[in-house]
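Worksheet: the structure to be examined is printed underneath.
The numbers here are math on the coordinates, done by the rules we state, and not lab data. Every value quoted in this text rests on a predicted model; they were computed, and no experiment measured them.
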Amino acid sequence: MFKTCDKCGIAKPIEQFHVNAQCPDGRKYSCAVCENARTKRMREEKKKELADNRVTYEVKDHDYMLEEFEKLLVLGVKKGVIITPKDIGKLVDGWNKIARIQKVV
């Protein structure tokens, strides 16, 4: 038994179509080759989209970190407090938590 693929238009044996119980004949409308190509293309697009978002977050977080660091330095100078590496480490840990929350949301 043969079926014509909706994507490539080639008649192929029905075994070359993935199973889909929602279709009338129990097989997908596109053949396995076309379906695999579509899945790969979608995966690459999603990967690129996530990479673009990651760059946006890094730039956004970097700007935020610089602003907070400047505030900390100004506050330290005004109060006559010496800022230690331990203080900076605590601040960086806080930024990392904020960055993780922003990426999840």
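Residues in segment 9-20 carry Karplus couplings, in order, of x, 9, 7, 10, x, 4, 5, 8, 10, 5, 6, 8 Hz; the curve used is 6.51 cos²θ - 1.76 cosθ + 1.60 with θ = phi - 60°, and Gly or Pro positions show x. One decimal place: the segment Gln16-Val74 gains 14.1 nm when fully extended, by the rule 0.36 nm per residue minus the C-alpha distance. Near Asn20, the amide H atoms lying under 5 Å from its own belong to Arg27, Lys28; only residues 5 or more places off or on other chains count, and H is placed 1.01 Å from N.
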